[in-house]
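Structure, as structure tokens:
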Amino acid sequence: MFIGQIADWAEQKLFLPPAVASAFEEARAHDLAGVAAGRYVLNLVEGAFFLVQDVSTKKVEAARSEAHRDFIDVQYLVKGIERFGVAHRQSDLTPVEDMLDEKDIAFFPTPRHENFVDLREGEFIVFYPGELHRPLCCVGEEALVRKVVVKVPAASVGKPLLAA
């Protein structure tokens, strides 16, 4: 997991795999505040794309913990505030819904030792394959947020991050 803010991007991108930094920069070249919600293909990294989402946050109890196998997630908050539950990989935690083969996502019960991170406008968080995260939790009241999720194939970093 990596947490950063656009204000410090010039320094922070040096600590990310080049494919992740390139894909995120290409996504940010769009008018992310004004573009329609939807899925957009990225050209600089094969197989990379981004999603623009206008979604409501919810109470933490209603949000589900998830992990991916094949993609790295860069979740960037364009508008609003969003809380994430985060936890280390837990090999003994069994998915309650496994869609890794179809959609590269598995949902898990609440992990042990979950921590929470709040993202504000202009901040981003990177989740690597296998890292548990519970997005879209509200801070206070439920609210609408605009976020961008950049999906970068883990294979593009040049070495496996997690065994399949």
Which residue, chosen from Ala33, Ala19, Met99, occupies the Cα position most advanced towards the positive end of the dipole of the range 2-154, where the dipole is computed from +1 (Lys, Arg) and -1 (Asp, Glu) charges on Cβ about the Cα centre? Ala33
Please sort by residue number the GluC sites (Glu not before Pro) in the range 77-164 whose DSSP state is loop and whose Cβ has at most 11 other Cβ atoms within 10 Å. Glu141
Comparing Thr110, Thr94, Thr57 in a Gaussian network model of the chain (Cα, 10 Å), the one with the largest mean-square fluctuation is Thr94
Please count, across the chain, the pairs of lysine residues with Cα atoms under 17 Å apart that sit 8 or more places apart or on different chains. 6
Just from its helices, what would the mean residue ellipticity at 222 nm be for the chain, if runs of 4 or more DSSP H residues each count -39500 (n - 2.57) and the sum is divided by every residue, rounded to the nearest 500 deg cm²/dmol? -2500 deg cm²/dmol
Charged-residue dipole, Cβ positions (Lys, Arg, Asp, Glu), the chain about Cα centre, Debye nearest 20: 80 debye
Part-to-part distance (alpha-carbon centres) for the range 1-52 and the range 69-109, which is given in Å: 18 Å
Enumerate by residue number the trypsin sites (Lys or Arg not before Pro) in the range 56-99 meeting two conditions: DSSP loop (anything except H, G, I, E, B), and at most 14 other Cβ atoms within 10 Å of the site's Cβ. Lys59, Arg89
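Bear in mind these aren't lab numbers, they're just calculated from the coordinates by the rules spelled out. Given the structure is predicted, the values throughout are model-derived calculations rather than measurements. As a convention, Cβ positions derive from the backbone with ideal geometry for all residues, glycine included, and neighbour counts pool all protein chains shown.
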